[in-house]
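Shown below is the structure under consideration.
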Amino acid sequence: MMSNLRSIKNTQFREKLKLGKSKILYFLMAFFVFSVDTVFAAPVDDFVFTVQTDNTGTSTDTEFTIPIVGLGVNYDVDCDDNGVYEATGETSGYTCNYGSAGTYTIRITGSFQQVVFNNAGDKDKILSV
């Protein structure tokens, strides 16, 4: 009789444990789904790169020229990757101007086909893409 009672209690405990696990799982799934909106990630299709403005190039030591070409070009430029676009609706190349020489991260978003340096321009100022 005692082992039968113990078996019933173990079964009840296991059922409660299963229910508890599923509640935790649902809570974690809901937390993940509803917290995704608060993650600030760059859109996947942004073109982000880092430049050193005083490396050799055709622009000055405090500038970087983005040579974008192609049809249907319409893009925005955030010259220092701070979320503020210095230029919007650009349809050709654009030059980022800085107060001093240094390393800067540039973010381009929108429609553009290609960045073309043709082994010239500010190609040597690019540190990483």
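Tally time: how many residues in segment 105-116 are touching a Cys at 6+ places or on another chain (Cβ under 7 Å) and more than 14 Å from residue 53 (Cβ to Cβ)?
Within segment 105-116, residues that are touching a Cys at 6+ places or on another chain (Cβ under 7 Å) and more than 14 Å from residue 53 (Cβ to Cβ) number 0.
Taking the stated definitions as given, is residue 57 at pLDDT 85 or above and either closer than 16 Å to residue 129 by Cβ or crowded, with 17+ Cβ neighbours inside 10 Å (or both)?
Judged against the criteria, residue 57 is a match.
Only one of these conditions is not met by residue 120: (1) more than 15 Å from residue 47 (Cβ to Cβ); (2) surrounded by 14 or more Cβ atoms within 10 Å (Cβ to Cβ). Which number is it?
(2)
Residues that are in contact (Cβ under 8 Å) with a residue 60 or more places away in the chain and within 16 Å of residue 53 (Cβ to Cβ): does segment 95-104 have at least one?
Within segment 95-104 (the criterion being in contact (Cβ under 8 Å) with a residue 60 or more places away in the chain and within 16 Å of residue 53 (Cβ to Cβ)), the answer is no, since none of the residues qualifies.
Identify all residues within segment 93-109 that are surrounded by 14 or more Cβ atoms within 10 Å (Cβ to Cβ), modelled with pLDDT of 95 or more and not polar (S, T, N, Q); write none if there are none.
94, 96, 98, 101, 104, 106, 107, 108
The values are calculated or read from the model by the stated rules, or taken from the named source; none is laboratory data. Worth saying up front: this structure is predicted, and the values here are computed from it rather than measured. Positions of Cβ are backbone-derived with ideal geometry, glycine not excepted, and every protein chain shown enters the neighbour counts.
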